[in-house]
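Heads up: the structure comes next, in structure tokens.
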Amino acid sequence: MTRGRFLTTHVGSLPRDEALKALMYAREDGEVIDEAVLDARIVAAVTEVVARQAAAGIDIVNDGEQSKPSYATYIKDRLTGFGGESQSYVFQDLEDFPGAKARMAGDEGRKHRRTPACTGPIGVKDMDAVHRDAATLKSALAAHPERQAFMSAASPGVTALFFRNEHYASDEDYVFALAEGLRHEYEAIAAAGIVLQIDCPDLAMGRHTQFRELSLSQFRDKMMLNIEALNRATANIPAEQLRMHLCWGNYPGPHTHDVPMADIVDLVWRARPHAIQFEAANPRHAHEYALFETVRLPEGKVLIPGVVEPQSPYVEHPELIAQRIGHYANRVGRENVMAGVDCGFSVHVGTDGIAQEVVWAKLAALSEGAAIASRIYWP
């Protein structure tokens, strides 16, 4: 798998250009747009971001989520059952720091985010969107045959986190209905020969948002329900073609209520995907590599720790990136580690925490750092 070196990848979202952002804002705000113009802009944007990932030296690339208003809210356009007004969110750490909350409220991308409730039965509404995404990515990859591809999709649990349930009798009924609805998306990506990445902020961020009033034990029960739904939805896809992203929320907050990795890692192993991506570079989680001195990596699992942070404008030094990779290689073995990013660089259209040119510099530094680490661990 590793080909005698550490492979590099990232989490998914990359910045959109101004023309694409304007079209996406208009569509999210309910304005009539020329869909053909939007489709052409998406194809051009995917071609560009694939080329730039390749130029930065990234091994496993994607479409930058250019067709999606965000990594999770795009689901409302592909499944039936969503309607009504958007809901608001409570992040417990931001409640403790009102100044940080006010700053985040000014985010232009969040002003256009739409998260209506589930008000009817979940079903597949747009059977073709995922096929278009896969075809666009594969077409862009044709010019870069040495690169591998992944495509991200929202988990049943994070979909339930964003879109409150006003239809199903229980949370269990709702999340399993979502699992069945999302099965089409997942299997279409896998059938296209692309690695499927399931985005699962519900398994960590959910602790200080939707499930903040629960005890740790109760939260773990919710985690297991969401993991069972994920496993059911991906049952027909080989585990080796699946990876999942664990996230505490990619937003510029204090994160003082983040659940420790140690409190949830045993449940994370129960999810089917063989590769686990997680935040490991930001100041709230960079210390958690020490956990793997006592926690054994299960057979067949691979770690993709974030060794680059997507919110800071600092470009990490390649030597630091190599050191961060080494923290994990020393504890779980070089063959069981790939190098990644904590989270997406633009998880919602217009939510760009750092300048676009810095994004590409960070990805280039990631490749340089992985090369340094590879020379150390494969002398």
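The values are calculated or read from the model by the stated rules, or taken from the named source; none is laboratory data. Fair warning: this is a prediction, and the values are worked out from it, not measured in the lab. Here Cβ is always computed from backbone atoms with ideal geometry, including for glycine, and neighbour counts include all displayed protein chains.
Odds and ends about this structure:
- Condition check for residue 90: over 15 Å from the mean Cα position of the chain (by Cα) and surrounded by 24 or more Cβ atoms within 10 Å (Cβ to Cβ): no
- If only residues of the range 323-367 that are among the acidic types (Asp, Glu) and surrounded by 19 or more Cβ atoms within 10 Å (Cβ to Cβ) are counted, the one that is farthest from residue 276 (Cα to Cα) is 352.
- Filtered residue count, the range 275-293, keeping only those that are surrounded by fewer than 19 Cβ atoms within 10 Å (Cβ to Cβ) and of a type in the set (A, V, I, L, M): 3
- For the range 326-343, the set of residues classified as in a helix (DSSP H, G or I) and of a type outside the set (D, E, K, R) consists of 326, 327, 328, 329, 330, 332, 336, listed by residue number.
- You will find that of 100, 117, 44, the residue that is small (Gly, Ala, Ser), out of contact with any Pro (no Cβ under 7 Å at 6 or more places or on another chain) and assigned to a helix (DSSP H, G or I) is 44 and no other.
- Residue list for the range 259-274, restricted to those being surrounded by fewer than 17 Cβ atoms within 10 Å (Cβ to Cβ) and either assigned to a loop (DSSP other than H, G, I, E, B) or modelled with pLDDT under 95 (or both): 260, 269, 270
- Whichever residue in the range 124-175 is without any contact (Cβ under 8 Å) to a residue 60 or more places away in the chain and of a type in the set (Gly, Ala, Ser) and, among such residues, is surrounded by the most Cβ atoms within 10 Å (Cβ to Cβ): 153
- Within the range 347-379, the set of residues being outside any helix (DSSP H, G or I) and in contact with a helix residue (DSSP H, G or I) (Cβ under 9 Å, 6 or more places away or on another chain) comprises 347, 348, 349, 350, 351, 352, 354, 378.
- The condition of being over 22 Å from residue 305 (Cβ atoms), among the charged types (D, E, K, R) and not in a helix (DSSP H, G or I) holds for only one of 185, 228, 213, that being 213.
- Number of the exception - residue 283 against (1) in contact with a Leu (Cβ under 9 Å, 6 or more places away or on another chain); (2) under 22 Å from residue 104 (Cα atoms): (1)
- Among residues of the range 1-41, those that are of a type in the set (Val, Ile, Thr), over 30 Å from residue 281 (Cα atoms) and not in a loop (DSSP other than H, G, I, E, B), counted: 1
- Residue among 185, 180, 166 that is over 23 Å from the mean Cα position of the chain (by Cα) and among the charged types (D, E, K, R): 166
Quick grid of which residues meet (1) surrounded by 23 or more Cβ atoms within 10 Å (Cβ to Cβ); (2) small (Gly, Ala, Ser):
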position	(1), (2)
197	yes, no
221	no, no
235	no, yes
248	yes, no
256	no, no
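- In the range 294-322, the residues that are buried (at least 19 other Cβ atoms within 10 Å of the Cβ) form Cβ pairs under 6 Å with partners that are aromatic (Phe, Trp, Tyr), at six or more places apart or across chains, as follows: 303/328; 305/328; 310/345.
- Filter pass, residue 51 being free of Cβ contacts under 8 Å to residues at least 60 places away in the same chain, outside any loop (DSSP other than H, G, I, E, B) and not acidic (Asp, Glu): no
- The set of residues from the range 69-97 being outside any helix (DSSP H, G or I) and either more than 19 Å from residue 154 (Cα to Cα) or without any contact (Cβ under 8 Å) to a residue 24 or more places away in the chain (or both) comprises 84, 85, 88, 90, 91, 97.
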